[in-house]
1. Report, by residue number, each residue of the range 129-186 that is surrounded by fewer than 20 Cβ atoms within 10 Å (Cβ to Cβ), more than 16 Å from ligand 1 (Cβ to nearest atom) and among the hydroxyl-bearing types (Ser, Thr, Tyr).
2. Residue 173: more than 17 Å from the chain's Cα centre (by Cα) and more than 30 Å from residue 126 (Cα to Cα), yes or no?
3. If only one of 88, 99 is crowded, with 17+ Cβ neighbours inside 10 Å, assigned to a helix (DSSP H, G or I) and among the hydrophobic types (A, V, I, L, M, F, W, C), which one is it?
4. Quick one: residue 297 ticks every box in (1) more than 17 Å from the chain's Cα centre (by Cα); (2) within 13 Å of ligand 2 (Cβ to nearest atom); (3) among the polar types (S, T, N, Q) bar one, so which box is it?
5. May I ask you to list the residues in the range 33-70 that are under 14 Å from residue 81 (Cα atoms) and open to solvent by 30 Å² or more (accessible area, probe 1.4 Å)?
6. Considering only residues that are within 16 Å of ligand 1 (Cβ to nearest atom) and at positive phi, look in the range 289-315 and name the one that is surrounded by the fewest Cβ atoms within 10 Å (Cβ to Cβ).
7. Just name the residue that is nearest to ligand 1 (Cβ to nearest atom) out of those in the range 234-276 that are assigned to a strand (DSSP E or B) and open to solvent by less than 20 Å² (accessible area, probe 1.4 Å).
8. Answer yes if at least one residue in the range 188-209 is under 23 Å from the mean Cα position of the chain (by Cα), away from ligand 2 (no atom under 16 Å from the Cβ) and open to solvent by 60 Å² or more (accessible area, probe 1.4 Å), and no otherwise.
Amino acid sequence: MEIFNGIPAIRYEGPKSQNPLSFKYYDADRLILGKPMREHLPFAMAYWHNLCATGTDMFGPGTADKSFGATPGTMEHAKAKADAGFEFMQKLGIRYFCFHDVDLVPEDTDINVTNARLDEISDYILEKMAGTDIKCLWGTANMFSNPRYMNGAGSSNSADVFCFAAAQVKKALDITVKLGGRGYVFWGGREGYETLLNTDVKFEQENIARLMHLAVDYGRSIGFTGDFYIEPKPKEPMKHQYDFDAATAVGFLRQYGLDKDFKLNIEANHATLAGHTFQHDLRISAINGMLGSIDANTGDLLLGWDTDEFPYSVYYTTMCMFEVLKSGGLTGGFNFDAKTRRPSYTFEDMFHAFILGMDTFALGLIKAAALVEDGRIDAFVKNRYASFESGIGQKIRSGDVRLKELSDYALTMKTPALPGSGRQEYLESVVNQILFG
Ligand code: XUL
Ligand code: CO
């Protein structure tokens, strides 16, 4: 039975098309730097926003009907959501999905019942996957909504709650492996604190690392060969979240010996909440060999919370794809962790949102490839550090020098020349020329 009646499969029609239900830039087979767009951009649907969220906010109930013809809270509804999701992905040509355990099925007060439901729905989803090219990008456990996690999961003060977190991680890993997931995410939803007056930060961080080690051991024992990811976020829901940003997460993973199994899942809106640009956190991840996957969305700098909007800024997606291309691509993908605005409550809006997101990333990819091919930016950066290519600079790089020698060198110079213009305005105009020229 068709759920999104009247909405056809979305096709590429080119930038001149005025058909709202068509791609203007995302042309799956088009080669960019020798690789088809579909391979550069493994897009994923976030089960939670697309199939579960109705637009509820602090001030009122949802506006969108996501019952898909079934009664919410039932297994019939869980299957209807899967039906809707697969029809949706197929109509858009999206090849991956991401899920939390509780997105798939209603949670029971008895975790054994919830787990049995997860077994049933994952059988059903496997059947739906067969004969399509749709795969699981990553799975995760929701360890932040249930009141038991009010003080965190791995970071909870309660050993019993820690065990529940372990049980959810174990089951979510089972389901991720069953569905062939490429990755497994830890977003530290409430892994943080409100006040130091009641918190042992060192103990909590060690416990989070313990939970992650246990997850890695279990995952590898059941044949999970993919990457584990931390998804950094500085605040919200907690005032202080431990995985503040990419740099913090890299340090944490190294400190606790988790860096061989983990990479980062960088979300644009989380990076800006941390006071960084999206591309900053991508770069920090990439230079540490930990750029794994991306939660593709955008925030609103005027609002300053996690608005999870569909990406619409070609400037930002260009900068993102510039980082991704230079890092050699993702092992994960681009998960639209994004939701339609509350007044965009119709099925058609769900399609418009994904068309917007996919086209914005496709255009960003095209422009980023043009920046790479143009070469002026990379050449400028390389040249900016040219003083380290020879002479004293080269000696510094080779480590073949002592502080006194550098001091003697400086003293004979008396005063150094200025370091050369950063040419920021010129470089920004190069970007504009590539974007709009
Ligand atoms: C919350 C967020 C999550 C994670 C998965 O801000 O981004 O949806 O992506 O738990
Ligand atoms: Co996210």
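The values are calculated or read from the model by the stated rules, or taken from the named source; none is laboratory data. This structure is a prediction, so every number in the text was calculated from the model and none was measured. Because the Cβ atoms are built from the backbone with ideal geometry, glycine has one as well, and the counts that use them run over all protein chains shown. SASA here: full protein model, heavy atoms, side chains in, ligands and nucleic acids out. Shrake-Rupley method; radii C 1.70, N 1.55, O 1.52, S 1.80 Å.
1. 132, 158
2. no
3. Being crowded, with 17+ Cβ neighbours inside 10 Å, assigned to a helix (DSSP H, G or I) and among the hydrophobic types (A, V, I, L, M, F, W, C) holds for just one of 88, 99, which is 88.
4. (1)
5. 48, 52, 53, 54, 65, 69
6. 304
7. Per the criteria, the residue is 267.
8. Within the range 188-209, not a single residue is under 23 Å from the mean Cα position of the chain (by Cα), away from ligand 2 (no atom under 16 Å from the Cβ) and open to solvent by 60 Å² or more (accessible area, probe 1.4 Å).
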